[in-house]
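Visitor: One structure is given below, represented as structure tokens, and several questions about it will come after.
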Amino acid sequence: MTGMDRSQRQEARIALAMLPTGIALTIGSFVAAVAFAVLALLGPFLGQGWPLVAWHAGAALVGLRNTVVGIEVMSAFDWRPLPLALALWLATVVAWPGWW
């Protein structure tokens with residue numbers, strides 16, 4: 001019977017950490033997606049400009065996509081989709097019209 005080598009043990013520890021990470025990404029992204037979708041729908045009635053309404057709609061789509069990625073990360077214990085999901089959230093924050 002052979003045991004795991006060092007790299008396999010490290011990969012196993014990283015995979016196990018993906019359960020709470022996936023839960024946090026799933027819940028956070030879902031809440032953000034719903035909130036941004038509501039703001040995108042109500043934005044024109046609240047007097048928000050179209051750039052902000054478009055940003056809310058885009059952020060809702062990123063939230064929806066990252067909710068699915070969070071479920072994948074959580075169920076497959078795979079960390080590989082996580083950097084892109086975090087990069088999309090970072091790009092969404094950087095693209096906020098309030099910065100410009």
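Visitor: Could you list all residues from segment 41-90 that are polar (S, T, N, Q) and either touching an Asp or Glu at 6+ places or on another chain (Cβ under 9 Å) or crowded, with 18+ Cβ neighbours inside 10 Å (or both)?
Guide: Scanning segment 41-90 gives Asn66, Thr67.
Visitor: Now, a different point. Exactly one condition in (1) under 27 Å from Val94 (Cβ atoms); (2) under 22 Å from the mean Cα position of the chain (by Cα); (3) open to solvent by less than 50 Å² (accessible area, probe 1.4 Å); (4) not charged (D, E, K, R) is not met by Ala15; state its number.
Guide: (1)
Visitor: Would you call Ser7 polar (S, T, N, Q), assigned to a helix (DSSP H, G or I), without any contact (Cβ under 8 Å) to a residue 24 or more places away in the chain and open to solvent by 70 Å² or more (accessible area, probe 1.4 Å)?
Guide: Against the criterion (polar (S, T, N, Q), assigned to a helix (DSSP H, G or I), without any contact (Cβ under 8 Å) to a residue 24 or more places away in the chain and open to solvent by 70 Å² or more (accessible area, probe 1.4 Å)), Ser7 qualifies.
Visitor: Quick one: would you say Leu46 is over 22 Å from Pro83 (Cα atoms) and either in contact with a His (Cβ under 6 Å, 6 or more places away or on another chain) or of a type in the set (Ser, Thr, Tyr) (or both)?
Guide: no
Visitor: Would you confirm, using the coordinates I've provided, whether Ser29 is open to solvent by 70 Å² or more (accessible area, probe 1.4 Å) and hydroxyl-bearing (Ser, Thr, Tyr)?
Guide: no
Visitor: On to the next question. Going through Ala24, Ala35 one at a time, which residue ends up being assigned to a helix (DSSP H, G or I), more than 22 Å from Gln10 (Cβ to Cβ) and open to solvent by less than 70 Å² (accessible area, probe 1.4 Å)?
Guide: Checking each option against the conditions leaves just Ala35.
The values are calculated or read from the model by the stated rules, or taken from the named source; none is laboratory data. Only a predicted model underlies this, so the values are computations on that prediction, with no experimental measurement involved. Positions of Cβ are generated from backbone atoms using ideal geometry, with glycine treated the same way; all protein chains shown enter the neighbour counts. In case anyone asks, the SASA skips ligands and DNA or RNA and just uses the protein heavy atoms, side chains included. Shrake-Rupley method; radii C 1.70, N 1.55, O 1.52, S 1.80 Å.
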